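> Right, I'll just put the structure down here and ask away after.
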Amino acid sequence: MDIFTNVALGFSVALRPENLLFCFLGSLVGTLVGVLPGLGPVGAVAFLLSLTFKMEPASAIIMLAGIYYGAMYGGSTTSILVNIPGETASVVTCLDGYRMARQGRAGAALGISAFGSFIAGTFGVVGLMFLAPVLGRAALSFGPPEYFALTLAGLTLVSYLTQGSMVKALIMAILGLLAGTVGMDPISGEERFTYGTLTLRDGFGLVPVAMGLFGIAEVLENLAVLSTQSVYQTKIHGLLPNRKDWRDSAAPIARGSALGFFLGILPGPGPVIASFVSYAMEKRLSRYPEKFGTGVIEGVAGPEAANNSATAGSFIPLLSLGIPTSAIMALFMGALMIHGIQPGPLFISKYPELFWGFIASMYVGNAMLLVLNLPLIGIWVRLLKTPYVILFPLILLFCLIGVYSLNANVTEIIIMLAFGIIGFFMRRVGFEGAPFILAMVLGPIMETSLRQSLLISRGNFMIFVNRPICAVLIVVTAAFLIWPIFMRKRKDD
Amino acid sequence: MRRANITVALALVSASAFLLFEAGRFNFGTLRVPQTGFFPKTLVTLLLLLSLVLLVQALRRKETERGSEKIAADGWTRIAATLATMIGFALVLEWLGFLLSTFVLMVLLLRAIEAPRWSKVFTVALVTALAVYGLFAWLLSVPLPAGVLGF
């Protein structure tokens with residue numbers, strides 16, 4: 001099948017009424033999550049995961065993806081208007097976006113960030129469409145050693161990229177891998193660390209752990225130190241950027257799209273890193289770098305484009321290799337596996353409807369967001385004023401019911417709360433949740449591939465260096481582990 | 001932050017010692033034929049090593065970095081109250097039924113930060129409980145517990 005037949009197939013799936021509805025709901029909820037501080041996209045996807053169990057797999061992934069890229073859109077709105085980033089990928093947008101709003105140019109900032117996001121999102125989706133099948137075909141020749149090296153490299157990179165101490169990030173990754181060993185041994189079926197608990201026989205559930213670490217812990221942190229922020233009162237007029245704005249933004253959007261896409265493919269919080277790198281790059285390339293931070297439109301256009309195309313890029317390793325590269329991708333993997341679908345090299349050829357439908361829905365979703373975001377900005381701003389007193393009980397209630405609805409099992413609520421408490425305290429001493437959750441999901445893949453590799457090689461570790469792809473990955477991993485020791489660049493927290 | 005780091009490192013060292021003991025019951029196998037204990041034991045050993053590195057780092061470093069914002073007493077009260085409410089919810093949910101437990105949960109949580117008027121608290125709690133029930137039980141047909149009172 002050539003690409004046009006595929007795309008046509010995709011749109012026939014994405015444009016089904018129910019999928020259009022789920023795409024719309026996803027983008028709407030995503031924007032909401034992006035707008036409201038105190039709940040990030042990971043928490044939102046975690047608690048909506050339970051709602052998708054009864055849906056068709058295509059509808060489920062379409063809706064969850066909508067939440068993810070919707071949050072990227074929504075996050076920038078609050079960055080620009082209130083100087084509060086709704087989520088981490090729009091932290092940079094505050095720098096110049098908020099300044100622009102203070103100068104009465106909120107409309108232009110919001111407009112360029114929406115259009116930039118749309119253009120970059122589309123670019124990212126096109127990239128995903130061409131690259132994922134190619135990579136998937138290449139991955140068909142992968143054996144256990146490659147998969148082990150891949151998971152190892154992924155985890156190391158994520159730990160390297162996590163803010164703060166690398167030792168702490170690695171500890172979190174190992175704790176996550178250990179959490180992944182709870183339950184039945186994937187090869188022999190022997191039980192480990194279950195202590196006779198029935199709930200733990202299949203291991204820790206992804207949803208309770210993710211909701212605890214990202215939902216509950218975040219709420220606890222907000223409760224610890226209450227902050228009051230006032231919404232900057234301004235009339236938003238003229239959402240359309242003018243001709244000069246476009247001229248200034250065209251190149252940053254183009255560069256941001258390309259940069260974001262490639263950074264998105266790499267393990268780690270792609271959108272976050274992409275936005276920072278794009279800002280730094282635009283500042284360096286600019287003829288007036290000293291003006292950055294005072295409200296220049298390039299500082300909004302570039303990062304906003306970058307974080308959106310990174311969102312699309314980050315789906316590539318999951319869909320073509322079956323390896324999630326960030327906490328949120330781990331949840332997507334969970335969503336697919338619940339429907340009995342194993343993402344990986346065979347995914348695209350085995351489920352063409354699902355893959356192409358998902359791709360097409362991202363086009364549709366990006367267009368919806370453009371239409372949705374600009375006229376509705378007034379509503380989002382009003383929502384921002386929802387007092388936290390009302391907001392946080394609702395978030396907690398949804399977490400509680402969401403987890404319970406999975407298996408009607410109270411033990412899972414307790415597991416979620418326990419991870420919420422652990423996550424809260426760990427965060428306070430500089431341990432991040434992302435490496436943990438990723439490691440927990442990758443754990444079984446890593447263990448199985450490592451043990452199979454050793455069985456193949458009869459206990460000879462040279463199997464990981466004798467195979468070219470493997471060797472490259474191992475060298476990369478080693479470099480990222482050794483680099484910080486020599487450079488001393490990264491301070492320990 | 002220095003003290004916090006030392007405490008955490010010590011906690012992690014003892015946790016890995018405990019896990020090393022716990023993982024002891026699984027068969028390691030050999031490198032040729034790795035068994036159930038192979039992966040956990042390797043991980044726990046790595047954990048122990050990294051925790052020791054963390055400990056050494058924490059001991060050698062002077063107090064330079066700023067820790068996270070200090071939590072005031074009322075912050076801790078809010079956290080404790082919220083957690084207690086949620087644990088209570090988990091314990092009574094199947095006995096009291098969804099609607100009633102949710103109503104009580106919302107009433108308590110709504111008053112955790114400040115004390116709005118009771119009429120407001122009750123209205124919000126009631127509307128939320130009914131709306132969420134409608135969403136889950138009817139729209140998504142998720143079975144929710146009925147409880148002793150039959151609803």
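The values are calculated or read from the model by the stated rules, or taken from the named source; none is laboratory data. Nothing here was measured: the structure is a model prediction, and the numbers come from that model. Backbone-built Cβ (ideal geometry, glycine too); neighbour counts: all protein chains shown. All accessible areas refer to the heavy atoms of the entire protein, side chains included, with ligands and DNA or RNA removed. Shrake-Rupley method; radii C 1.70, N 1.55, O 1.52, S 1.80 Å.
> State the extension gain, in nm to one decimal, for the chain segment bounded by B:Arg2 and B:Ala17, taking 0.36 nm per residue of separation less the distance between their alpha-carbons.
Roughly 3.1 nm would be gained on extension.
> Tally up the carbon and sulfur contribution to the accessible surface of the range B:2-60 as a whole percent, 1.4 Å probe, everything protein left in place.
71 percent
> Additional query: Looking at the square roots a ≥ b ≥ c of the eigenvalues of the Cα gyration tensor of the range A:317-396, which shape do they give, rounded for a/c under 1.5, prolate if a/b is larger than b/c, or oblate?
It comes out oblate by the Cα gyration axes.
> A follow-up question, please. Taking only Cα atoms, what is the 0 to 90° angle, nearest 10, from helix A:91-102's long axis to the longest principal axis of chain A?
The helix A:91-102 is inclined about 10 degrees to chain A.
> On to the next question. Taking trypsin sites (Lys or Arg not before Pro) as candidate sites, keep only those in a DSSP loop with at most 13 other Cβ atoms within 10 Å, then name the longest stretch of chain A containing none of them.
Of all site-free stretches, the longest is A:55-234.
> Determine the distance separating the Cα centre of the range A:325-372 from the Cα centre of the range A:156-228; give it in Å without decimals.
What the calculation gives is 24 Å, centre to centre.
> Can you compute the FRET efficiency between B:Thr30 and B:Leu91 using 1/(1 + (r/R0)^6), with r the Cβ-Cβ distance and R0 = 45 Å? Round to the nearest 0.05.
0.45
> Any chance you could check the Cα centroid distance between the range A:125-141 and the range A:25-44 for me, in angstrom?
What the calculation gives is 29 Å, centre to centre.
> Multiply the residue separation of A:Met337 and A:Lys54 by 0.36 nm, subtract the distance between their alpha-carbon atoms, and state the gained length in nm to one decimal.
Full extension from A:Met337 to A:Lys54 adds 100.6 nm.
> Roughly speaking, to the nearest percent, how much of chain A's 1.4 Å accessible area is carbon and sulfur?
67 percent
> Calculate, for chain A, the solvent-accessible area per residue in square angstrom, rolling a 1.4 angstrom probe over the heavy atoms of the protein chains.
Here the per-residue accessible area is 37 Å².
> Given a 1.4 angstrom probe, I'd like the percentage of the accessible area of the range B:73-149 that is carbon and sulfur, rounded to a whole number.
Answer for the range B:73-149 is 72 percent, counting heavy atoms of protein chains only.
> Give me the summed buried accessible area for the B-A pair, 1.4 Å probe, to the nearest 100 Å².
Heavy-atom accessible area buried at this interface is about 5900 Å².
> Once label points are set 7 Å from the Cα along Cα→Cβ at both A:Asn460 and B:Val56, what is their separation, rounded to one decimal in nm?
Going by the 7 Å Cα→Cβ label model, 3.4 nm.
> Right, another one. So what's the angle, to the nearest 10 degrees on a 0 to 90 scale, between helix A:352-384 and the longest Cα principal axis of chain A?
40 degrees
> List the residue ranges in chain B for DSSP H helices whose C-alpha atoms run 18 angstrom or more along the long axis and whose Kyte-Doolittle average is -0.5 or above.
Flagged H segments are B:2-23, B:38-60, B:73-96, B:118-133.
> Which residues' amide hydrogens lie under 5 Å from the amide hydrogen of A:Val225, considering only partners 5 or more residues apart or on another chain, with H built in the peptide plane?
none
> Still on this model: Evaluate the distance, in nm, between pseudo-label points positioned 7 Å from the Cα of A:Leu240 and of A:Leu21 along their respective Cα→Cβ axes.
If labels sit at A:Leu240 and A:Leu21, their model points lie 3.5 nm apart.
> Let me ask something additional. Enumerate the amide H contacts of A:Arg192 below 5 Å, restricted to partners 5 or more residues apart or on another chain; note that Pro and chain-start residues carry no placed amide H.
A:Gly183, A:Met184, A:Asp185
> In degrees between 0 and 90, to the nearest 10, how far off the longest principal axis of chain A does helix A:410-428 point, with axes built from Cα atoms?
70 degrees
> Something else: Run the simple label-point estimate for A:Glu290 and A:Leu481 please: 7 Å along Cα→C-beta, distance reported in nm.
Rounded to a tenth, the inter-label distance reads 4.8 nm.
> How many Å² of accessible area per residue for the range B:73-149, probe 1.4 Å?
Accessible area per residue, the range B:73-149: 51 Å².
> Taking the range A:83-166, which chymotrypsin sites (Phe, Trp or Tyr not before Pro) meet the DSSP loop condition and have no more than 13 other C-beta atoms within 10 Å?
Taking the range A:83-166 and a limit of 13 other Cβ atoms within 10 Å, no loop chymotrypsin sites (Phe, Trp or Tyr not before Pro) are found.
> Taking each residue in A:214-223, count the Cβ atoms of any other chain within 10 Å of its Cβ, then average. What number comes out?
Whole-number average of other-chain Cβ neighbours for A:214-223 is 3.
> State the answer as a single residue: which of A:Tyr404, A:Leu220, A:Tyr279 lies farthest towards the positive end of the charge dipole of the protein assembly as shown, with beta carbon charges of +1 for Lys and Arg and -1 for Asp and Glu, about the Cα centre.
A:Tyr279
> Hey, what's the Cα Rg ratio for the range A:3-492 versus the globular rule of thumb, 2.2 N^0.38 Å?
It is 0.95.
> Further question: Helix-derived [θ] at 222 nm for chain B: sum -39500 (n - 2.57) over DSSP H runs of at least 4, divide by residue count, nearest 500?
-22500 deg cm²/dmol
> Residues of A:396-409, mean number of Cβ from any other protein chain within 10 Å of their own Cβ, rounded to a whole number?
Other-chain Cβ atoms within 10 Å of each residue's Cβ, averaged: 5.
> Normalized C-alpha radius of gyration of the range A:130-191, against 2.2 N^0.38 Å?
Ratio of Cα Rg to 2.2 N^0.38 Å: 1.44.
> For the protein assembly as shown, compute the number of Lys pairs whose alpha carbons are separated by less than 21 Å, excluding pairs fewer than 8 positions apart on the same chain.
Qualifying lysine pairs in the protein assembly as shown: 13.
> Something else about it: Rounded to the nearest 20 Debye, what is the dipole magnitude of the protein assembly as shown about its Cα centre when Lys and Arg each give +1 and Asp and Glu each give -1 at the C-beta?
For this selection, approximately 1480 debye.
> I've got another one for you. Between the alpha-carbon centers of the range A:50-97 and the range A:282-298, tell me the distance in whole angstrom.
That distance is 26 Å.
> Would you be so kind as to identify which of B:Gly75, B:Leu55, B:Thr102 lies farthest towards the positive end of the dipole of chain B, taking Lys and Arg as +1 and Asp and Glu as -1 on Cβ and the Cα centre as origin?
Of B:Gly75, B:Leu55, B:Thr102, it is B:Leu55.
> Just counting partner chain Cβ atoms within 10 Å, what average do the residues of peptide A:167-176 show around their Cβ?
Per-residue shielding by partner chains comes out at 5.
> So between B:Ile71 and B:Leu10, what do we pick up on full extension, going 0.36 nm a residue minus the alpha carbon distance?
Fully extending the segment from B:Ile71 to B:Leu10 adds 19.7 nm.
> To the nearest 500 deg cm²/dmol, what mean residue ellipticity at 222 nm is calculated for chain A from DSSP H runs of n ≥ 4 alone, each contributing -39,500 (n - 2.57), summed and divided by the residues?
Rounded to the nearest 500, it is -23500 deg cm²/dmol.
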